[in-house]
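Visitor: Take a look at this one; I'll ask things after.
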Amino acid sequence: VGSGQYQSAMALACATKINTLLTKGQLSQGQLVSDEATGFIEDTKPTRGVVASDIAILVRTGTEANLVKQQLAKQGIASVYLSNRQSIFSAAIVSDIWRVLCAIVEPNNARAIRSAMATQLMAQSIIELDKLNNDERLWQQLVDQFNYYQQRWQKVGVLAMLREFLHQQHIPSQLLGLVDGERQLTDLLHLGEILQQQSLEIVGEHALMHWLSDQIHNQQGDVQEQQLRLESDKNLVQIVTIHKSKGLEYNLVFLPFICSIRKAKDAIYHEDDQTIVDLNNSDDALSAADKERLAEDLRLFYVAITRAIHHVWLGFAPLKNGKANKAGTTDLHASAVGYLYLGNEVTNKDDLTTKLDAIAAQHSFINTIAPPDEALEPYQAIVEDEGEMQARSFKGKIENNYWITSYSALSKTTHHSKNSNVDASLESFDIDWEAALEKVNDDSNSDNNIEDESNALTIFNFPRGAHAGTFLHTLFEEIDFTIASGDLLREKVMELLTASEFDECWCDVLIDLVSNVLDCPLSHGNLMSGLHPDFALRQLAMKDKQVEMEFFMPLSTLDCDDVNNVLTKHDPLSKKAQPLAFSKVQGMLKGFIDLVFVSEGKYYVLDYKSNHLGDTAQDYETQSMTDVMIDHRYDFQYQLYSLALHRLLRSRLPNYDYEQHFGGAFYLFLRGMDKNEQNEEEKGRGIFYNRPSQSFIDELDNLFSHDALSQGDQVEPIVTTEQGAVT
């Protein structure tokens, strides 16, 4: 037999045998010793029927996997291919989805709608399709439906629209009625997720459809996001490559294509630890290459044959590559299993049958079975009667007095009564009108100002407002402090300026700003911080810092009066500030810390402030910064950040001690920092530092989590980090 005939026959034989096993397993005829059968006498060990998950089919290629999977499906047996590296865009259902989406994009295109309705996905009968051609009212309803889906796509996005489409058209129930329906539904949902993700980068439905068309014609199965997902992990027959099966065990193993031969076509082999490539493909070189191929096949055969715990089936056949000859000789000796049984002996069909029968006669555990000529009736799983099903009634209590809030929401000082129904999480939507108005004025005068500023551009007249602040934060987030200089720094600054609405004439000003901030010693006037007197941010390697550290900190029921009492008790700045006035809140406190860094064993929080305090360096003295800290309630911000870092360090550092490990909080007013200041009193301009006392942090910690602590639980923040040492 040739290779194609061999594979077809063995795929059928494999599926038919599995059909028989599963059917007998349900009838208490195909039995395995139970997994729990330990400590029993041999004759009394409990048994159970064979189920699909007991069975593994080992193959070499995806083509072999598809052959046997198709034969299993024809006999009503569900299977899963565990080594599938195909692209999602090669799935059969993708072309159907393409046609449906084309009709949604162009809902008035009659041809596109007819093409969509004729797909297997829509499962319309010939009669139903014919009605669309003759019933004008039915056709108009269909057009209205596709118009509706187009509007939903534009309003809520492609994924939400697709899910609504699936629900309304009853697609899941229709697909799950098919043998491979679970595979198709998985592919459909996977494709929806990919389209939704891509829609964030591609504007417009037509552009997205053009992208999908390109992917269908240029599949990339090596891209992990595009690889087919496993459709199920339930009780299914497993199909897996021999390579991937290494180290695993299965109760019953089928090797239907074990005689397949793939002789070496290129004269590439190894000799004395050297790789030799014979470009002439001489007979000796090809023989050496094929010998190495056989050695690898023998290793794979060893892996395959030792995966079975109880039983293994091998698909033997007198396989012949190419044209048959009069002697009827086979190429079986060139395969691993043929080499083990026959050595180098060239045999024919009759000799092979004789040899296999002789081996079976010598060993009681070996049998030879002729492959079946035709498939059995589709396998029918016996479904136990579960009686009348009833929905369970929910008797629990849903806690709806729970929010995710933030410093911005809690720091509002507009008074609310204690019985106010205003949600603290909603207060964060208040608009900073002062900053917004300042931004509008900057924008309206930008054309006039640019000429004046070009004569004397300084960081003091750099644009103000929320957009400028975001830009400066981004600048310090994306640079590596240790190498932020010269051409690298200029290239980065120009890149960010190009991506923003700011003119490139600010490049030199921003380069000077970065240099001032990174090289200005932070410890001047703040010797209590524990930093070395010459310490500057430029000394921080990537491993010593964490940029934009996000945290979620659990809150018990929090009352603003209790918080105000603790703050004014411990922090002089809070005592001078207007009291906080948020409503009672419980749930989670979310925040982002601009920078967390470690130096000489101490951990610090740092926040960048782009506030404009004036047009001279004198406007950024300690008193001016303190006034701003009080006015904007930045004191409450560094208190929250300190608490979050304290909780993190407590849960991560062995033998953590607040006094030893927590360094404090720095607030850098970027416009006021100057590394070249010579006067000792002026070197601290733009740098604000505070370190809350341990008693303050402990009391604040108890206040934020007293409910949980009263129950003996230790509440820690949930922290997300991406890089650096603080994990």
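Visitor: Given the range 236-346, what helices (runs of 4 or more DSSP H) lie entirely inside it while holding 3 or more residues that are over 44 Å from the mean Cα position of the chain (by Cα) and not hydroxyl-bearing (Ser, Thr, Tyr)?
Guide: Hits in the range 236-346: 283-305, 336-342.
Visitor: For the range 452-567, give me every one of the helices (runs of 4 or more DSSP H) that falls completely inside it and has 2 or more residues that are farther than 29 Å from Lys590 by Cβ, within 33 Å of the chain's Cα centre (by Cα) and not aromatic (Phe, Trp, Tyr).
Guide: 486-499
Visitor: Right, another one. Which of the residues belonging to the range 161-183 are touching a residue at least 24 places away in the same chain (Cβ under 8 Å) and either of a type in the set (Val, Ile, Thr) or open to solvent by 30 Å² or more (accessible area, probe 1.4 Å) (or both)?
Guide: Hits for the range 161-183 are Arg163, Gln169, Ile171, Gln174, Val179, Asp180, Glu182, Arg183.
Visitor: Would the range 705-721 turn up any residue that is at pLDDT 65 or above and either open to solvent by less than 70 Å² (accessible area, probe 1.4 Å) or closer than 16 Å to Leu567 by Cα (or both)?
Guide: Looking through the range 705-721, at least one residue is at pLDDT 65 or above and either open to solvent by less than 70 Å² (accessible area, probe 1.4 Å) or closer than 16 Å to Leu567 by Cα (or both).
Visitor: I've got another one for you. Quick test for you: out of Ser583, Ser624, Ser574, pick the one residue that is assigned to a helix (DSSP H, G or I) and open to solvent by less than 10 Å² (accessible area, probe 1.4 Å).
Guide: Ser574
Visitor: Would you confirm whether any residue within the range 268-285 is over 30 Å from Gly25 (Cα atoms) and surrounded by 18 or more Cβ atoms within 10 Å (Cβ to Cβ)?
Guide: Yes.
Visitor: Now, a different point. Quick check on this structure: which one of Asn690, Asn655, Asn611 is open to solvent by 20 Å² or more (accessible area, probe 1.4 Å) and free of Cβ contacts under 8 Å to residues at least 60 places away in the same chain?
Guide: Asn655
Visitor: In the range 154-206, how many are more than 18 Å from Asp96 (Cα to Cα), of a type in the set (A, V, I, L, M, F, W, C) and modelled with pLDDT of 90 or more?
Guide: Residues in the range 154-206 being more than 18 Å from Asp96 (Cα to Cα), of a type in the set (A, V, I, L, M, F, W, C) and modelled with pLDDT of 90 or more: 2 in total.
Visitor: Considering only the range 355-365, I want to know if a residue exists there that is under 20 Å from Leu255 (Cα atoms), free of Cβ contacts under 8 Å to residues at least 40 places away in the same chain, surrounded by 10 or more Cβ atoms within 10 Å (Cβ to Cβ) and not charged (D, E, K, R).
Guide: Yes: the range 355-365 contains one or more residues that are under 20 Å from Leu255 (Cα atoms), free of Cβ contacts under 8 Å to residues at least 40 places away in the same chain, surrounded by 10 or more Cβ atoms within 10 Å (Cβ to Cβ) and not charged (D, E, K, R).
Visitor: Shifting gears a bit: Are any of the residues in the range 316-332 free of Cβ contacts under 8 Å to residues at least 24 places away in the same chain, crowded, with 18+ Cβ neighbours inside 10 Å and under 29 Å from Ala264 (Cβ atoms)?
Guide: Within the range 316-332, one or more residues are free of Cβ contacts under 8 Å to residues at least 24 places away in the same chain, crowded, with 18+ Cβ neighbours inside 10 Å and under 29 Å from Ala264 (Cβ atoms).
Visitor: For the range 369-388, indicate whether the set of residues that are among the polar types (S, T, N, Q), under 21 Å from Lys24 (Cα atoms), open to solvent by 70 Å² or more (accessible area, probe 1.4 Å) and in contact (Cβ under 8 Å) with a residue 40 or more places away in the chain is non-empty.
Guide: Yes; the residues of the range 369-388 include at least one that is among the polar types (S, T, N, Q), under 21 Å from Lys24 (Cα atoms), open to solvent by 70 Å² or more (accessible area, probe 1.4 Å) and in contact (Cβ under 8 Å) with a residue 40 or more places away in the chain.
Matching residues to (1) among the aromatic types (Phe, Trp, Tyr); (2) within 30 Å of Leu580 (Cβ to Cβ); (3) surrounded by fewer than 18 Cβ atoms within 10 Å (Cβ to Cβ):
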| site | (1), (2), (3) |
| --- | --- |
| Ala466 | no, yes, yes |
| His473 | no, yes, no |
| Glu478 | no, no, yes |
| Val493 | no, no, no |
| Asp503 | no, no, yes |
| Leu513 | no, no, no |
| Phe551 | yes, yes, no |
| Thr557 | no, yes, yes |
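Visitor: Do we find a residue being in contact with a strand residue (DSSP E or B) (Cβ under 7 Å, 6 or more places away or on another chain), of a type outside the set (A, V, I, L, M) and touching a residue at least 24 places away in the same chain (Cβ under 8 Å) anywhere in the range 569-576?
Guide: Within the range 569-576, none of the residues are in contact with a strand residue (DSSP E or B) (Cβ under 7 Å, 6 or more places away or on another chain), of a type outside the set (A, V, I, L, M) and touching a residue at least 24 places away in the same chain (Cβ under 8 Å).
Visitor: Something else: I'm trying to understand the selection: among the residues of the range 14-33, which are open to solvent by less than 20 Å² (accessible area, probe 1.4 Å) and not β-branched (Val, Ile, Thr)?
Guide: Within the range 14-33, Cys14, Ala15, Asn19, Leu22, Gly25, Gly30, Leu32 qualify.
Visitor: Quick one: in the range 223-255, which of the residues that are touching an Asp or Glu at 6+ places or on another chain (Cβ under 8 Å) and surrounded by 20 or more Cβ atoms within 10 Å (Cβ to Cβ) is modelled with the lowest pLDDT?
Guide: Among them, the one singled out is Glu231.
Visitor: Test Ile88 against the stated conditions and say whether it is in contact with a helix residue (DSSP H, G or I) (Cβ under 6 Å, 6 or more places away or on another chain), crowded, with 21+ Cβ neighbours inside 10 Å, closer than 14 Å to Ser245 by Cα and not aromatic (Phe, Trp, Tyr).
Guide: Spelling it out, it is not the case that Ile88 is in contact with a helix residue (DSSP H, G or I) (Cβ under 6 Å, 6 or more places away or on another chain), crowded, with 21+ Cβ neighbours inside 10 Å, closer than 14 Å to Ser245 by Cα and not aromatic (Phe, Trp, Tyr).
Visitor: Taking the stated definitions as given, is Leu668 crowded, with 20+ Cβ neighbours inside 10 Å, in contact with a strand residue (DSSP E or B) (Cβ under 6 Å, 6 or more places away or on another chain) and outside any helix (DSSP H, G or I)?
Guide: yes
Visitor: Pairs, please: C-beta under 7 Å, at least 6 apart or cross-chain, first residue charged (D, E, K, R) and in the range 578-594, second open to solvent by 40 Å² or more (accessible area, probe 1.4 Å) and in a strand (DSSP E or B)?
Guide: Taking only residues 6 or more apart or on different chains, the pairs are Lys584/Thr557; Lys590/Ile404; Lys590/Phe552; Asp594/Glu548.
Visitor: Sticking with this structure for a sec: Have a look at Leu121, Leu142 and point out the one that is closer than 25 Å to Leu176 by Cβ and touching an Asp or Glu at 6+ places or on another chain (Cβ under 8 Å).
Guide: Residue meeting the stated conditions: Leu121.
Visitor: Filtering the range 498-519 down to residues that are of a type in the set (A, V, I, L, M, F, W, C) and at pLDDT below 90, which residue is nearest to Leu668 (Cα to Cα)?
Guide: Only one residue fits best here, namely Phe502.
Visitor: Now a separate question. Does at least one position in the range 282-303 carry a residue that is β-branched (Val, Ile, Thr), at pLDDT 90 or above and in contact with a helix residue (DSSP H, G or I) (Cβ under 6 Å, 6 or more places away or on another chain)?
Guide: Among the residues of the range 282-303, at least one is β-branched (Val, Ile, Thr), at pLDDT 90 or above and in contact with a helix residue (DSSP H, G or I) (Cβ under 6 Å, 6 or more places away or on another chain), which makes the answer yes.
Visitor: Can you name the number of the only condition in (1) crowded, with 21+ Cβ neighbours inside 10 Å; (2) under 21 Å from Leu176 (Cβ atoms); (3) at pLDDT 85 or above; (4) under 28 Å from the mean Cα position of the chain (by Cα) that Leu101 fails?
Guide: In the conditions (1) crowded, with 21+ Cβ neighbours inside 10 Å; (2) under 21 Å from Leu176 (Cβ atoms); (3) at pLDDT 85 or above; (4) under 28 Å from the mean Cα position of the chain (by Cα), Leu101 misses (2) alone.
Visitor: Also: If you check Val80 against the conditions, is it part of a helix (DSSP H, G or I), out of contact with any Phe, Trp or Tyr (no Cβ under 7 Å at 6 or more places or on another chain) and not acidic (Asp, Glu)?
Guide: No, not satisfied.
Visitor: What about Val156, is it open to solvent by 50 Å² or more (accessible area, probe 1.4 Å) and among the β-branched types (Val, Ile, Thr)?
Guide: So Val156 passes the test.
The values are calculated or read from the model by the stated rules, or taken from the named source; none is laboratory data. Predicted model, so just to flag it, every value in this text is computed and none were measured. Because the Cβ atoms are built from the backbone with ideal geometry, glycine has one as well, and the counts that use them run over all protein chains shown. Accessible surface is based on the protein model in full, side chains and every heavy atom, while ligands, DNA and RNA are left aside. Shrake-Rupley method; radii C 1.70, N 1.55, O 1.52, S 1.80 Å.
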